[in-house]
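Engineer: For reference, the structure I am asking about is given below.
The values are calculated or read from the model by the stated rules, or taken from the named source; none is laboratory data. Bear in mind that the values here come from a model prediction, so they are computed numbers and not experimental data. Every residue, glycine among them, receives a Cβ derived from its backbone with ideal geometry; neighbour counts consider all protein chains shown.
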Amino acid sequence: MGRDCPENKLSSNLILQSLYYHGWIFNSNVFERKALARRMGLVSGSAAAMPAVAPIIGGYLMMWINWRTIFGFMLLFFVIYFYFAFRHLPTIRIESVEEGTVTTPRLLGTYLSILKDTKYWGYALAYAAVIGGLLGYYSAMPFWYHSQLGIEAHLFSYLTIPTVSMYIIGLIFASFLIKKNDLEAVFILGMLLTCFATIVAILLAIMKVSGLVSIVGIMSLYSFSAGLVAPNANAGVLTTFKKVAAPTAALVSVVVFGTAALTSSVAMNLYIKDTLWPVAIYLGILSLIGFAAGYFWIWLPHRAKSSLPGKKEGE
């Protein structure tokens, strides 16, 4: 099969998503809520760095050697991963709600019970809004910066560095904030900041400010907000549905990457050359959906439960 063959890309994506998805399940059964949020922050930060680091490294590998070197580079990382996995990961047995043979009706029933729970949608929609928004932006970067703004193709990859850096800074802030605050409080703070990023975009659009610096600045602020939301949404949904962590992680992945496919299709067709209104509307829709889901289905029930006597965080 050739290097541009869709089957190659599909199989690679299936392998990578499977590893990511199993990492979620493993962590949810090893760490308690706040520790899980911090660990998921480390995982998320590593994954977030890839859109900035991978194109740069891949570009230099192709320039210095050839495109086949990229696969050798990936093989080296897989060998390192498997070494540390076999040496350091403990063996665990994930408890299910009911023991016995897994059948299709039982599995479908589990999926349906998760989908009926508003807590799942509160976390999943907020998580999908921030991550889907960023992935859509990364997909649209060649069309925005190269095709519309005329930036050289070998330079626009470096423009991912500010958003990735702000995402990692957001993860660091989140890890400090959850030491003294509930996950839900940090989670809703992040969603509020996504709305603030939208307000900034609207104000700049009203003032007819546009261009590269404005877009990168707004998306960096949105990325910082995503860093506050992502690990807490992950930890929240997986600990809420801990006994059915595997199907929950699968459903969250479907929502997040389904949203990313949709936002990528939309973002790549936005005209941003001399106006910020498309960016403001794009972020506004995502932030309002994520904030509304998080506020009504996560934050308000959490506040109501916290007001009851004898209730502790995570119960």
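Engineer: When region 128-174 is examined, which residues are found to be among the hydroxyl-bearing types (S, T, Y) and touching a Gly at 6+ places or on another chain (Cβ under 8 Å)? Spell out the reasoning first.
Structural biologist: Taking region 128-174 and keeping what is among the hydroxyl-bearing types (S, T, Y), we get 137-139, 145, 147, 157-158, 160, 163, 165, 167.
Result: S157, Y167.
One line per residue, one yes/no per condition, for (1) touching a helix residue (DSSP H, G or I) at 6+ places or on another chain (Cβ under 8 Å); (2) within 29 Å of W299 (Cα to Cα):
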| site | (1), (2) |
| --- | --- |
| F196 | yes, yes |
| I199 | no, yes |
| I218 | yes, yes |
| L238 | yes, yes |
| A246 | yes, yes |
| T259 | yes, yes |
| W277 | yes, no |
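Engineer: Being over 25 Å from D117 (Cα atoms) and crowded, with 18+ Cβ neighbours inside 10 Å, is that true of even one residue in region 185-193? Talk me through it step by step, then tell me what you get.
Structural biologist: Here is the first cut: in region 185-193, the residues over 25 Å from D117 (Cα atoms) are 193.
In the following step, the residues that additionally are crowded, with 18+ Cβ neighbours inside 10 Å were identified as 193.
The answer is yes, given that some residue of region 185-193 is over 25 Å from D117 (Cα atoms) and crowded, with 18+ Cβ neighbours inside 10 Å.
Engineer: Could you check T248 against (1) among the β-branched types (V, I, T); (2) modelled with pLDDT under 95; (3) closer than 13 Å to G133 by Cβ and say which number it fails?
Structural biologist: (3)
Engineer: Find the residue count for region 220-238, including only residues that are out of contact with any Asp or Glu (no Cβ under 8 Å at 6 or more places or on another chain) and more than 14 Å from I131 (Cβ to Cβ).
Structural biologist: 4
Engineer: Across region 266-291, what is the total count of residues that are touching a residue at least 24 places away in the same chain (Cβ under 8 Å) and in a helix (DSSP H, G or I)?
Structural biologist: Number of matching residues: 14.
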